[in-house]
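Here's the structure, in C-alpha cells; my notes come after.
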Amino acid sequence: VQLQASGGGLVQAGGSLRLSCAASGTISSVHHMAWYRQAPGKQREFVALIVAGGSTNYADSVKGRFTISRDSAKSTVYLQMNSLTPEDTAVYYCYQRSIDASYWGQGTQVTVSS
C-alpha cells in the first residue's frame, strides 16, 4: 500500500490550501492518520493527527488554522490549511498507522510567499 499526497502549491500569506492523502489500497484497522512537515534545514515535525474514533490533535503552531479530517472508507486523510504564513512553508507528509504497520506518503510541497 502506498500513500499519495496532493494539493500542495504556492500560495500568498493569508491564503488557504487543502491537502489530500489517499491510500492505493485498503489499510485495515487504521489506528490514526496524521500530517507532518519538514522545512528546509529543520527536522520533520508533527502537524495534526486524527484517531480512529475521530478525536484530533494539533501542533500549537497550527491550532485554529488547520483542520484534519478523513474519509475512512477511502483511507484518505485531508488537511485544510487556512491563514497560511511563510512559516508554514515545508514539505508536508501524510502518515497512517495501522495495527501492524505504518505508512508514509511521498510529501507535497507547500510554499507560502509573504
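We did not get these values from a lab; they are worked out from the coordinates using the rules stated. Keep in mind that this is a model prediction, so the values were computed, not measured. When we count neighbours, we look across all protein chains shown, and the Cβ atoms used for this are built from the backbone with ideal geometry, even at glycine.
Return the Cα extents of the chain along principal axes one, two and three, sorted largest first, each rounded to a whole Å.
42, 24, 23
Mind listing which chymotrypsin sites (Phe, Trp or Tyr not before Pro) in the range 23-114 are in a DSSP loop and have 10 or fewer other Cβ atoms within 10 Å?
none
Cα centroids of the range 64-83 and the range 1-32: how far apart, whole angstrom?
So the two Cα centres are separated by 8 Å.
Skipping prolines and chain starts, which residues have an amide H placed within reach, meaning under 5 Å, of the one on residue 31, given they are 5 or more residues away or on another chain?
Residues meeting the amide H criterion: 97, 98, 99.
Only Lys, Arg, Asp and Glu count, each charged at its Cβ (+1, +1, -1, -1), so figure out the dipole size of the chain about its Cα centre, rounded to 20 debye. Please list the in-between numbers first.
On the way: 9 positive and 6 negative charges, 13 e Å.
The calculation lands at about 60 debye.
Taking the Cβ of residue 32 as the centre, find all other residues whose Cβ is under 10 Å away and add up their charges (Lys, Arg: +1; Asp, Glu: -1).
Neighbourhood net charge equals +2.
Mind giving me the nanometre distance, one decimal, between the label points for residue 65 and residue 10, set 7 Å out from Cα along Cα→Cβ?
That separation, rounded to one decimal, is 2.0 nm.
Relative contact order for the chain: what percent, with Cα pairs under 8 Å and sequence separation of 6 or more?
On the way: 287 pairs, mean separation 43.0, N = 114.
Contact order relative to length: 38 percent.
Note down the net charge around residue 62, summing +1 for each Lys or Arg and -1 for each Asp or Glu among other residues with Cβ under 11 Å from its Cβ. Working shown, then result.
Details: positive: 37, 63, 65; negative: 45, 60, 87, 88.
Here the charged neighbours net out to -1.
Considering only 74, 42, 63, give the residue with the highest GNM mean-square fluctuation for the chain, with springs between Cα atoms whenever their separation is below 10 Å.
Answer for the Gaussian network model of the chain: 42.
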